[in-house]
2 protein chains.
Amino acid sequence: MNDFVFGRNNVYELLTEGKRSVSKIILMKGMKENSKVSQIIDIARNKGIIFQFLPKEKFTQFKDYSHQGVIAYVSPVKYLDFEDFLEKEKQYKKVIITDGVEDPHNFGSIIRTAVCAGFDAIIFPSRRNATINATVEKSSAGAINHIDLIMVNSLSTIVDKLKDNNFWIIATDIRAKDNYYDIDYCDMNFAIVMGSEKEGISNTILKKADYRIKIPMLKEFDSLNVANAASIVIYESVKQTVQKSGNGV
Amino acid sequence: MNDFVFGRNNVYELLTEGKRSVSKIILMKGMKENSKVSQIIDIARNKGIIFQFLPKEKFTQFKDYSHQGVIAYVSPVKYLDFEDFLEKEKQYKKVIITDGVEDPHNFGSIIRTAVCAGFDAIIFPSRRNATINATVEKSSAGAINHIDLIMVNSLSTIVDKLKDNNFWIIATDIRAKDNYYDIDYCDMNFAIVMGSEKEGISNTILKKADYRIKIPMLKEFDSLNVANAASIVIYESVKQTVQKSGNGV
């Protein structure tokens, strides 16, 4: 389902960010309204977006989604062409690549952290990876509207192109020797690659990586959840950048 | 539902860790078996635990759970008394307190990271917080069997007691001045407090904290997911400990 956005915060984010055009908003008649709902109505009114209050029964078809009485009908997600991304002007670009993150909650959660950390894009393959759908949007808390989304047919080709364009490829791999904090993330373009929940990063991509890093485990146990692992690495790069710039943020 | 454990990895973890007694394991007749299933059967046989192959229909009542054809019937979760935890011998103890983490996926995910990071216990209130149930167990990837779980009636009283016992209380708060990496996590007992998804840490607990820390946001956006935020702070403490001990882990 690419054409609905569910929930008060998500619809609010959608309206304020405005990357996707909203054709209609439906609100549940008789629901308890809060300030978020009033804001949504105000924005819709200002922007001339149709909104309707409908009875509870009309929401039955959406019962599997946590919609909180607010649903927006939207245009499909806008993806950015990889070549257009390369041409964007920026001193250093920071990217997350997901190589087979299949759980939509994990995928959304990674996008959310990437936005909080000021990253520029999420690059993901069109197969064997979650796509941007309503669950991903919800798990991202609307973050998919705040970052460039680049869906590609061949990650391998894209990784080669990134390398040609002065990006350093940082692969997270449980078997790596270096810890994630052993490398310097400052003053360079880089892409952090996260692998699939079950099998990690594919060998093709792993071989092309400039760095392989792991997150140390202090107890013999399965492993970290991929979204948590991504957060740990992403924020090590934030920390280094903030400390280096002397920016208290 | 406190008395079932679903899924191949979870049941395997349960059997190998052995903190909860398993009364029976049911397996789906005709399912595709893998090495995990064989291991489960071997362990059950060795430990004298009853296991049965049942037809698919018998699993209908569990259809809302991702059981992968393997379900264990278990004794309720064993909680540890706070006083018993204090009496355990260890040079430094590291604890996570959740003050109102309501989403069971987030709660399970936090427990998983805490185990990977070698933390000693999770302390959580009996109200306004997820309890340990099948969803939490699954989200924790079985980690709830590898750490002390301490459920308390009053977090406020427990925080006072922790302070009396030389624990430093570290509260994560979006309004804090210090960043999470500005403090030294080494050579001390500490408790990291994570607040609720919506409202953060309650004022009572916040006032008792020795440190308040935030995670810097590099883009104006909502905020991090609580489980990801927990991972970032937990792993800063791991990093400092590993670097200080010169332990490559």
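Among A:A72, A:A209, A:A44, which one shows the highest mean-square fluctuation when chain A is modelled as a Gaussian network with alpha-carbon springs under 10 Å?
Result: A:A44 has the largest fluctuation of those listed.
Quick check for me: using +1 on Lys/Arg Cβ and -1 on Asp/Glu Cβ, what's the dipole size of the range A:4-74 about its Cα centre, in debye to the nearest 20?
Dipole size: approximately 120 debye.
Could you give the dipole magnitude of the protein assembly as shown about its Cα centre, charging the beta-carbon of Lys and Arg +1 and that of Asp and Glu -1, in debye to the nearest 20?
1060
Compute a Gaussian network model of chain A, connecting alpha carbons closer than 10 Å, and tell me which residue from A:D222, A:D120, A:D103 fluctuates the most.
Among A:D222, A:D120, A:D103, the largest GNM mean-square fluctuation belongs to A:D222.
How many square angstrom of accessible surface are buried between A and B, both sides summed, with a 1.4 Å probe and rounding to 100?
Its buried surface, counting both partners, is about 3500 Å².
Taking only C-alpha pairs under 8 Å that are 6+ residues apart, what is the relative contact order of the range A:4-74 in percent?
58
Can you pull the one-decimal nm distance between simple spin-label points at A:I174 and A:Q61, each 7 Å off the Cα toward Cβ?
4.3
Placing the label point 7 Å from Cα along the Cα-to-Cβ direction, what are the distances from B:Q243 to the equivalent spots in the other copies, shortest first, in nm to one decimal?
The projected label point of B:Q243 is separated from its counterparts by 0.4 nm.
Within straight cross-link reach of A:K47, meaning Cα distance under 19 Å, which lysines are found once same-chain residues fewer than 8 apart are removed?
List returned: A:K19, A:K24, A:K36.
Of the DSSP beta bridges with both residues in the range A:102-247, give the percent that are antiparallel, rounding to the nearest 5.
Here the share of antiparallel DSSP bridges comes out near 5 percent.
Taking the Cα centre of chain B as the origin and placing charges on Cβ (Lys, Arg +1; Asp, Glu -1), which of B:P104, B:T204, B:L14 is farthest toward the positive end of the dipole?
Checking the options against the dipole of chain B, the answer is B:L14.
In chain B, what percentage of the DSSP-assigned beta bridges are antiparallel, given to the nearest 5?
25
Where does the range B:1-90 land on Rg/Rh, using Cα atoms and the Kirkwood Rh?
1.06
Could you sort the peptides A:150-160, A:108-118 by per-residue average Cβ neighbour count (10 Å cutoff), highest mean leading?
In decreasing order of mean packing, A:150-160, A:108-118 become A:108-118, A:150-160.
7 Å along Cα→Cβ for the label point: how many nanometres lie between B:N9 and each equivalent label in the other copies, listed shortest first?
Those separations, rounded to one decimal, come out as 2.5 nm.
For the protein assembly as shown, with all protein chains present and a 1.4 Å probe, just round the carbon and sulfur fraction of the accessible area to a whole percent.
So the carbon and sulfur contribution to the accessible surface is 45 percent.
Which residue, A:I71, A:S38, A:G246, has the largest displacement toward the positive end of the dipole of chain A when charges sit on each Cβ (Lys, Arg +1; Asp, Glu -1)?
A:S38
To the nearest whole number, what is the average tally of beta carbon atoms from other chains within 10 Å of the beta carbons of peptide B:107-118?
Counting other chains' Cβ atoms within 10 Å and averaging over B:107-118 gives 5.
Which net charge results when you count Lys and Arg as +1 and Asp and Glu as -1 among the other residues whose beta-carbon is under 12 Å from that of B:K19?
-2
Less than 15 Å apart at the alpha-carbon level, and either on another chain or at least 8 residues along: which aspartates and glutamates does that give for B:K161?
B:D81, B:E83, B:D84, B:E87, B:D210
Please name whichever of A:V193, A:A141, A:I232 sits farthest to the positive end of the charge dipole of the range A:82-245, dipole taken about the Cα centre and charges placed at Cβ: Lys and Arg +1, Asp and Glu -1.
A:I232
Treating only the Cβ atoms of Lys and Arg (+1) and Asp and Glu (-1) as charged, compute the dipole magnitude of the range A:44-138 about its Cα centre; round to the nearest 20 debye.
With only Lys, Arg, Asp and Glu charged at Cβ, the dipole is about 460 debye.
Local charge sum around B:E199 (other residues, Cβ-Cβ under 13 Å, Lys/Arg +1, Asp/Glu -1)?
That works out to -1.
Could you tell me the relative contact order of chain A? Use alpha-carbon pairs under 8 Å, at least six residues apart, and round to a whole percent.
Relative contact order, chain A: 20 percent.
Given the options B:N225, B:N133, B:N179, state which has the largest fluctuation in a GNM of chain B using a 10 Å cut-off (strictly under) for Cα springs.
For chain B, modelled as a Gaussian network with Cα springs under 10 Å, the answer is B:N225.
Considering only DSSP beta bridges whose two residues both sit in the range A:1-140, what percent are antiparallel, to the nearest 5?
Within the range A:1-140, antiparallel bridges account for around 55 percent of the total.
Across 10 Å bins from 0, what is the distribution of all Cα-Cα pair distances for the range A:82-245, in whole percents?
Bin by bin from 0 Å, the calculated values are 11, 44, 38, 7, 0.
Helix-derived [θ] at 222 nm for chain A: sum -39500 (n - 2.57) over DSSP H runs of at least 4, divide by residue count, nearest 500?
-10000 deg cm²/dmol
Dividing the convex hull volume of the Cα atoms of the protein assembly as shown by its residue count, what figure in Å³ per residue is obtained?
166
How far, in nm to one decimal, is B:K177 from itself in the other copies if the label point is set 7 angstrom along Cα toward Cβ? Shortest first, please.
Taking the point 7 Å beyond Cα along Cα→Cβ, the inter-copy spacings are 4.4 nm.
The values are calculated or read from the model by the stated rules, or taken from the named source; none is laboratory data. For clarity, every value in this text was computed on a predicted model and none was experimentally measured. Every residue, glycine as well, gets a Cβ built from its backbone with ideal geometry; the counts of neighbours run over all protein chains shown. These area figures cover heavy atoms from the full protein model, side chains too; ligands, DNA and RNA do not enter into them. Shrake-Rupley method; radii C 1.70, N 1.55, O 1.52, S 1.80 Å.
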